[in-house]
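This report refers to the structure that appears directly beneath it.
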Amino acid sequence: MAEDTVILAEDEALLKFEATMASVWYPKGEQPEILVTGERKRKSFYGAIDVKTGKEQVYVCDRQNQGETIILLDQLKKVYLGRKILLFWDNAPWHRGKKIKRYLRKNKDLELVPFPAYSPDLNPQEHVWKEARRNVSHNHESEDFEELVSAFQNYLTTTTFSCNFLEKYKV
């Protein structure tokens, strides 16, 4: 593999307006108040972590499908212009359809490697989602969904994540 090849691990996540609950410290005998808006607002995030640098590329959209996946792939090609991209991802339906196969035939500088089925523990991007949720969206008190989306995206793009994905493959 060429030294300048970019190695990315990709996955998608949904950010919902309703706060997800995590452990919190609270005074003994008191109960936390949990805001329930009843609003079904949500955004899809495509994330790809560079496993060498820990830097994250993010694409936000309304839903996950082949068209949006192709937009992400185009975005990655622009960010890493002129470099070969090795992209690890799961077997989501929008990763393996006819549009994706047609796109890949035209883009030889992009190689996709599927993770084994039902193995999210192997994907370092899953750890990025977990950390972002813990720091931004768990137990949030935001009253503005776009503000929450912006905070989530900002956290992803300004944080360098720890990634030991390649450690087990060093010879």
Starting from the Cα of Phe145, move 7 Å in the Cα-to-Cβ direction to define the label point; list residues of region 45-64 whose amide nitrogen is under 14 Å from there.
45, 61-63
For the chain, set up a GNM with springs between Cα atoms under 10 Å and report which of Tyr80, Tyr103, Tyr118 has the largest fluctuation.
Tyr118
Table column - 3J(HN,Hα) (Hz), region 9-14, Karplus curve with 6.51, -1.76, 1.60, x for Gly and Pro
10, 10, 6, 10, 8, 9
Long pairs among Lys43/Lys99; Lys43/Lys78; Lys16/Lys84; Lys41/Lys108, criterion Cα-Cα beyond 26 Å:
Lys16/Lys84; Lys41/Lys108
The list (1) 17.0; (2) 18.2; (3) 17.5 gives values of Kirkwood radius over Cα pairs in Å, and only one came from this structure; which label was calculated from it?
(3)
Once phi is turned into ³J(HN,Hα) by the Karplus curve 6.51 cos²θ - 1.76 cosθ + 1.60 with θ = phi - 60°, what whole-Hz value does each residue of region 121-130 show in order, with x for glycine and proline?
5, 7, 8, x, 5, 4, 6, 5, 4, 4
As a test of the formula, what do you get for the chain when each DSSP H run with n ≥ 4 contributes -39,500 (n - 2.57) and the sum is divided by the residue count, at 222 nm and rounded to the nearest 500 deg cm²/dmol?
-8500 deg cm²/dmol
Where does the longest stretch of the chain lie that holds no GluC sites (Glu not before Pro) found in a DSSP loop with 12 or fewer other Cβ atoms within 10 Å?
40-140
Which ³J(HN,Hα) values in Hz, rounded to whole numbers, follow from the phi angles of region 79-86 under the Karplus curve 6.51 cos²θ - 1.76 cosθ + 1.60, where θ = phi - 60° and Gly and Pro get x?
5, 10, 3, x, 10, 6, 10, 9
Filter the trypsin sites (Lys or Arg not before Pro) in region 80-162 to those in DSSP coil with at most 16 other Cβ atoms within 10 Å of their Cβ, and list the result.
Arg83, Lys84, Arg96, Lys108
Using the heavy atoms of the protein chains and a 1.4 angstrom probe, tell me the accessible area per residue for the chain in square angstrom.
63 Å²
Taking amide H positions as placed in the peptide plane 1.01 Å from N, state which residues far from Leu112 in sequence (5 or more) or on other chains have amide H under 5 Å from it.
Leu87
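The values are calculated or read from the model by the stated rules, or taken from the named source; none is laboratory data. All of these numbers come straight from a predicted model, not from anything done at the bench. All Cβ positions, even for glycine, are placed from backbone atoms using ideal geometry, and neighbour counts span all protein chains on display. Remember, those area values only see protein heavy atoms, side chains included, never the ligands or the DNA or RNA. Shrake-Rupley method; radii C 1.70, N 1.55, O 1.52, S 1.80 Å.
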